[in-house]
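Note sheet for the following structure.
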Amino acid sequence: MTSKETFTTTLVLCLMAETLLAFSVLGQTTKARFDPDGSFWIHGTAPNDFSDFGGINLNAKKLRRLPSPGLQLNNGKNFRYKTLSVSRERLVFTTVLVGGVSYSFSGTFLRGGVFADGNLDDETPVLEGVLTKNVQGKKVAEAKLKFIYFGGT
């Protein structure tokens with residue numbers, strides 16, 4: 001093989017390698033950022049067993065414009081989280097006991113992204129799942145609900 005042929009072969013191999021690298025980089029996707037911080041209110045009318053329910057509040061960054069983290073009733077009573085797991089796919093929590101009452105939730109986010117940046121309306125649910133109310137350790141109410149998002153003022 002002449003030096004010209006060797007140079008041409010090397011050049012072709014380099015171009016092929018660059019092309020493969022470019023395609024592999026273009027084919028990679030970056031994981032989209034997920035941030036659901038804000039409040040979640042029942043979409044529509046709350047069932048009678050949850051007529052005192054105010055909202056589920058996520059506030060991981062402890063922003064002043066958002067309520068304290070936890071489940072809040074309409075009368076302002078706040079149930080802090082005892083356990084909390086938030087991921088792009090799921091929201092699962094249990095609350096501490098307040099006056100013999102606690103709540104638990106297991107649900108799924110219906111969309112991803114940064115909720116505060118998303119121009120979400122008050123008619124489109126972004127979360128659905130089962131909310132359970134316990135009194136003295138016994139289940140007294142349970143409902144499958146959909147929730148809308150509120151990002152604070």
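One decimal place: the segment Lys77-Glu123 gains 14.0 nm when fully extended, by the rule 0.36 nm per residue minus the C-alpha distance.
Centre-to-centre separation between the Cα atoms of region 91-119 and those of region 36-70: 8 Å. Within region 56-112, the trypsin sites (Lys or Arg not before Pro) that combine a DSSP coil assignment with at most 16 other C-beta atoms in a 10 angstrom radius are Lys61, Lys62, Arg64, Arg65, Lys77, Arg80, Arg88, Arg111.
Summarising the label geometry, the points placed 7 Å from Cα in the beta-carbon direction at Leu110 and Arg88 lie 2.0 nm from one another. Only Lys, Arg, Asp and Glu carry charge here, each on its Cβ (+1 for the first two, -1 for the last two); on that basis region 31-153 has a dipole of about 540 debye about its Cα centre. Taking the alpha carbon gyration tensor of region 38-150, what are the square roots of 5 times its eigenvalues, largest first, to the nearest whole Å? Value: 22, 15, 13 Å, ordered largest first.
All of the numbers you see were taken from the coordinates with simple rules; none came from a lab. Just so it is clear, the model here is predicted, and its values are computed rather than measured. A quick note on method: Cβ atoms are made from the backbone with ideal geometry, for glycine too, and the neighbour counts reach across all protein chains shown.
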